[in-house]
Amino acid sequence: MTPEATGPEPLDTYRAKRDFERTPEPGGGSPSPGSLRYVVQEHHASRLHWDFRLELDGVLLSWAVPKGPSPDPANKRLAVRTEDHPLDYADFEGEIPAGEYGGGTVIIWDRGSWEPLGDARAGLEKGDLKFVLHGSRLQGRWVLVRMKPRPKERGENWLLIKERDEFVHAAGFEPPQIALCTLVASPPLGPGWLSEVKYDGYRLTISLEDGHARCFSRNGHDVTERFSSLARAAEALPATSALLDGEAVVFDEQGRTDFGALQRAISGEPQNLSFVAFDLLALNGHDVSGLATLARKELLATLLAEPEGAATRIVFAHHVLDDAAAFFETACAQGLEGAVFKRAEAPYPHGRTRTWLKAKCRLEQEFVVVGFTQPQGSRVGFGALALSVYDEEGRLASVGLVGSGFSESDIAQLTAALAGTERPDPPFIAPAADTGHSDMTWVEPRLVVRVAFAQWTEAGSLRHSSYRGLRDDVAPASVHRENPQPPDRVGGEVVLGVSISNPSKRLFPESALTKLDLARYYEAVASVMLPEVADRPLTLLRCPVGGKKASCFYQRHPDRGGSTTLRVLKHALASHDEIDEWLTVTTADGLVALAQMGVAEIHTWASRSDAPTRPNRLVFDLDPGPDVPWEQIAGVARLIRTECAALGFSPYLKSTGSKGLHVVMAIEPVWEFDRVRALARGLAERIAKQRPDEVTSTMAKSKRSGRVFIDYLRNAEGASAVAPYSPRHLPGAPIAVPLAWEELDDPSLDIRAFTPERVLQRVAAGVDPWADLSDSASGSRVLRAAEDALGT
């Protein structure tokens with residue numbers, strides 16, 4: 001769809017509500033080419049809500065959703081229509097000043113593209129707008145329904161409703177965090193491993209609670225309707241509750257699993273489905289995931305061996321101990337797909353793990369479909385599929401075609417799935433191999449298929465490929481070329497017990513610092529970094545595909561399958577009646593786990609997990625305009641120090657690693673955020689009045705020319721500041737480092753020159769300017785006296 005502007009000035013209402021001298025929000029933008037954009041922004045205004053926005057006709061149609069979108073069709077969420085926003089608002093994150101319209105913090109919660117189902121303008125006019133979302137959090141079919149207005153009601157109230165499809169997530173059934181195997185070239189050596197058959201099926205977890213079962217795919221989608229026969233079988237198990245991990249399969253006459261037959265069974269022959277259960281995470285209200293693998297499997301075998309168990313549908317995955325090489329050789333000789341090897345004494349892992357390994361007997365993996373050729377001869381639908389994988393930089397690379405192995409039903413299924421996804425050009429950032437076909441129709445990279453092949457060519461293409469099936473349980477972005485690791489190098493390097501994958505990957509621009517270097521850096525600075533980072537909610541800048549800023553994203557909430565070394569704080573923000581989950585770390589291995597996640601920057605709240613609504617740090621962020629000299633920045637920092645010391649505080653100094661400084665004070669956690677922020681604002685405004693030509697307390701960038709902006713808004717709940725000893729995702733990977741006040745007097749001081757190497761030398765030499773920061777905390781007496789002196 002190509003948007004066409006309608007109406008004289010669609011953004012008049014938006015602009016009339018805002019003073020762009022004070023707010024950093026964008027004033028307008030141009031239509032984007034290609035897909036229509038979609039974004040949800042978490043907005044911490046007077047009351048927390050989520051702003052839901054869809055691009056159409058050159059603007060962002062906008063609704064305020066007080067409780068946020070719900071992927072459960074039973075939860076119909078109120079969505080209040082608000083003024084249209086400019087397109088560049090889709091990229092906006094930041095702090096809208098208090099007193100301005102919508103004052104508060106704005107964070108991007110989800111983003112992606114959307115497709116209207118039918119005529120979007122007609123649906124909007126009718127009050128029945130149906131669409132498909134392609135976001136990182138929200139996917140599938142949705143509808144916005146306008147409610148009948150009540151008497152004297154001025155605004156438009158709508159309902160945002162998830163429609164039933166494979167992306168439904170019902171309330172009360174949280175998809176479990178599953179473990180994924182690491183591919184190895186050969187079986188592991190030595191004792192302590194148990195071996196299982198690698199089943200050619202569909203990974204499922206089955207949750208049984210109060211006699212009702214739900215099935216979840218590997219990426220957390222509720223697929224109970226598709227696997228209803230397995231859910232009913234689980235409900236017959238002799239347990240009040242259980243959580244099983246396994247594989248949905250169809251066995252052939254020789255007892256081998258058949259992936260093609262599985263797809264046919266899912267589509268219309270569910271009586272052939274079986275569930276091979278290979279692990280048990282919970283039983284009768286008890287979490288057993290921390291038990292050793294052998295102990296969990298013994299419990300599982302007992303559960304499935306009960307006389308009333310559903311043995312015909314849910315079967316136990318048998319195993320053998322030790323001699324993994326002999327087991328693998330036998331599996332391949334019998335024509336099986338491969339084998340899985342698990343540490344016998346290890347607890348249940350989460351995410352990709354080195355305690356679960358897999359080895360394949362033949363070359364076969366998932367690929368992303370990026371196009372198709374026209375059919376030849378008697379074939380209908382398409383001729384061959386063009387395939388790709390994502391490289392380490394997040395780019396699609398062509399790997400050739402697959403034109404064999406399709407049944408008539410496969411062709412019909414794929415033709416229907418490809419319909420409406422066409423695009424004018426290939427979805428490559430940098431195309432790799434040429435497909436060699438001029439009749440190619442390119443499509444959006446949304447479908448994932450499994451393909452068997454004989455080998456990889458030197459040019460990186462598939463040889464003798466054959467289609468095996470459609471994989472709607474695999475996210476396209478997770479598809480990479482599989483490179484089996486030698487078993488003695490599984491997991492790459494290990495730092496503080498954390499396996500570092502892709503240890504040589506560079507995460508920062510213009511820096512040789514690798515992921516392994518970053519992990520070892522965090523290990524070395526943990527003793528001085530953790531006092532200011534541990535047990536604080538985090539905002540993380542993740543750059544998992546390398547040093548390019550465009551591929552980075554912010555994260556504050558936990559992922560499924562995240563590291564077990566990280567912790568979660570369950571906390572509802574002020575004026576918000578729903579509890580959310582916030583990432584925290586407590587130990588040095590938690591810091592190392594952040595490096596493994598590709599975290600390039602760590603930002604922390606001013607409060608701790610034990611008192612999340614009451615800050616124990618007061619922070620001033622000195623953000624200079626582009627033409628402000630260093631001497632002026634340093635002078636403003638000294639002025640803040642003088643003013644704060646006069647009020648009874650003990651100010652400390654930190655470089656931001658970028659262009660500014662932080663002045664930080666420890667306070668006892670006795671006041672709520674709103675009161676602390678009001679105090680910080682009063683002090684910032686006092687200093688700005690003293691030196692109006694050098695300092696401003698106004699956020700608007702137009703007021704910063706030649707001035708230093710004293711950002712006091714870091715002292716709001718949910719706001720964060722870069723952590724001490726955190727790197728910045730800037731050329732050279734500069735570090736935000738605590739400074740002694742005397743260091744400001746050094747004319748050679750360059751805060752961008754604090755590289756990881758230099759900071760490590762500084763820490764090794766015992767330099768710790770913040771060693772007594774926590775001991776200097778100011779209590780309520782000092783806070784009240786400062787409040788009185790400032791008149792806040």
Only one of Val380, Val369 that is of a type in the set (A, V, I, L, M, F, W, C) and open to solvent by less than 20 Å² (accessible area, probe 1.4 Å): Val369
First in region 58-80 and free of Cβ contacts under 8 Å to residues at least 24 places away in the same chain, second anywhere and among the aromatic types (Phe, Trp, Tyr) and open to solvent by less than 40 Å² (accessible area, probe 1.4 Å), Cβ under 9 Å, 6 or more apart: Ser62/Tyr14; Ser62/Phe52; Ser62/Tyr89; Ala64/Trp50; Ala64/Phe52; Pro66/Trp50
Residue ID - farthest from Val40 (Cα to Cα), chosen from residues in region 136-152 that are touching a strand residue (DSSP E or B) at 6+ places or on another chain (Cβ under 6 Å) and among the charged types (D, E, K, R): Arg146
Failed criterion for Ala646 (all others in (1) under 20 Å from Pro724 (Cβ atoms); (2) open to solvent by 10 Å² or more (accessible area, probe 1.4 Å) hold): (1)
Verdict on Val370 being in contact (Cβ under 8 Å) with a residue 24 or more places away in the chain, closer than 24 Å to Asp258 by Cβ and aliphatic (A, V, I, L, M): no
Qualifying residue in region 280-303 (condition: among the hydroxyl-bearing types (Ser, Thr, Tyr), open to solvent by 40 Å² or more (accessible area, probe 1.4 Å), modelled with pLDDT of 85 or more and closer than 19 Å to Leu243 by Cβ): yes
Near pairs, Cβ below 7 angstrom, 6+ apart or cross-chain, from region 352-365 (among the polar types (S, T, N, Q)) to any residue that is open to solvent by 70 Å² or more (accessible area, probe 1.4 Å) and part of a strand (DSSP E or B): Thr355/Arg343
The lone exception for Asp750 - which of (1) at pLDDT below 95; (2) touching a helix residue (DSSP H, G or I) at 6+ places or on another chain (Cβ under 7 Å); (3) under 14 Å from Thr656 (Cβ atoms); (4) not polar (S, T, N, Q) it fails: (2)
Qualifying strands (runs of 3 or more DSSP E) (wholly inside region 181-238; at least 1 residues being polar (S, T, N, Q), closer than 20 Å to Ala265 by Cβ and at pLDDT 90 or above): 202-209
Filter result (under 25 Å from the mean Cα position of the chain (by Cα) and over 15 Å from Ala45 (Cβ atoms)) within region 90-118: Ala90, Asp91, Ile108, Asp110, Arg111, Gly112, Ser113, Trp114, Glu115
Index of the failed condition, Ala600 passing every other in (1) surrounded by fewer than 22 Cβ atoms within 10 Å (Cβ to Cβ); (2) on the phi < 0 side of the Ramachandran plot: (1)
Count of residues meeting criterion [outside any strand (DSSP E or B), of a type in the set (Gly, Ala, Ser) and closer than 23 Å to Met147 by Cβ] in region 47-94: 3
Some residue of region 627-639 being surrounded by 22 or more Cβ atoms within 10 Å (Cβ to Cβ) and over 30 Å from Pro756 (Cβ atoms): no
Leading residue by the ranking (nearest to Pro731 (Cα to Cα)) among those in region 622-649 that are part of a loop (DSSP other than H, G, I, E, B) and either free of Cβ contacts under 8 Å to residues at least 60 places away in the same chain or within 38 Å of the chain's Cα centre (by Cα) (or both): Pro626
Members of region 334-382 that are in a loop (DSSP other than H, G, I, E, B) and among the charged types (D, E, K, R): Glu337, Glu345, Arg362, Arg379
Search result, residues across region 594-649 that are in contact with a strand residue (DSSP E or B) (Cβ under 8 Å, 6 or more places away or on another chain), among the charged types (D, E, K, R) and at pLDDT 95 or above: Glu601, Arg617, Asp621, Arg641
Region 493-506 residues that are open to solvent by less than 30 Å² (accessible area, probe 1.4 Å) and modelled with pLDDT of 80 or more, paired with ones that are of a type outside the set (Asp, Glu) and in a loop (DSSP other than H, G, I, E, B) (beta carbon under 6 Å, 6 or more apart): Ile500/Gly492
Residues that are acidic (Asp, Glu), modelled with pLDDT of 90 or more and either under 18 Å from Arg468 (Cα atoms) or open to solvent by 20 Å² or more (accessible area, probe 1.4 Å) (or both), drawn from region 239-273: Glu247
Residue list for region 244-277, filter: among the hydrophobic types (A, V, I, L, M, F, W, C) and either in contact with a Pro (Cβ under 7 Å, 6 or more places away or on another chain) or free of Cβ contacts under 8 Å to residues at least 40 places away in the same chain (or both): Phe251, Ala261, Ala265
In region 701-749, the residues that are closer than 27 Å to Leu540 by Cβ and open to solvent by 50 Å² or more (accessible area, probe 1.4 Å): Lys701, Arg714, Pro731
Out of Thr755, Thr792, sole residue that is over 38 Å from the mean Cα position of the chain (by Cα) and among the hydroxyl-bearing types (Ser, Thr, Tyr): Thr792
Filtered residues of region 762-792 (kept if over 27 Å from Arg677 (Cα atoms) and surrounded by 11 or more Cβ atoms within 10 Å (Cβ to Cβ)): Arg762, Val763, Val767, Asp768
Given (1) part of a loop (DSSP other than H, G, I, E, B); (2) at pLDDT 85 or above; (3) open to solvent by less than 60 Å² (accessible area, probe 1.4 Å), index of the condition Val276 fails: (1)
Arg681 vs. criteria more than 36 Å from the chain's Cα centre (by Cα), open to solvent by 70 Å² or more (accessible area, probe 1.4 Å) and in contact (Cβ under 8 Å) with a residue 24 or more places away in the chain: no
Region 383-418, subset assigned to a helix (DSSP H, G or I) and of a type in the set (Val, Ile, Thr), residue most open to solvent (accessible area, probe 1.4 Å): Thr415
Of all residues in region 445-465 being among the charged types (D, E, K, R) and assigned to a loop (DSSP other than H, G, I, E, B), the one that is surrounded by the fewest Cβ atoms within 10 Å (Cβ to Cβ): Glu458
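The values are calculated or read from the model by the stated rules, or taken from the named source; none is laboratory data. None of the values given here were measured: they were computed from a predicted structure. When we count neighbours, we look across all protein chains shown, and the Cβ atoms used for this are built from the backbone with ideal geometry, even at glycine. All accessible areas refer to the heavy atoms of the entire protein, side chains included, with ligands and DNA or RNA removed. Shrake-Rupley method; radii C 1.70, N 1.55, O 1.52, S 1.80 Å.
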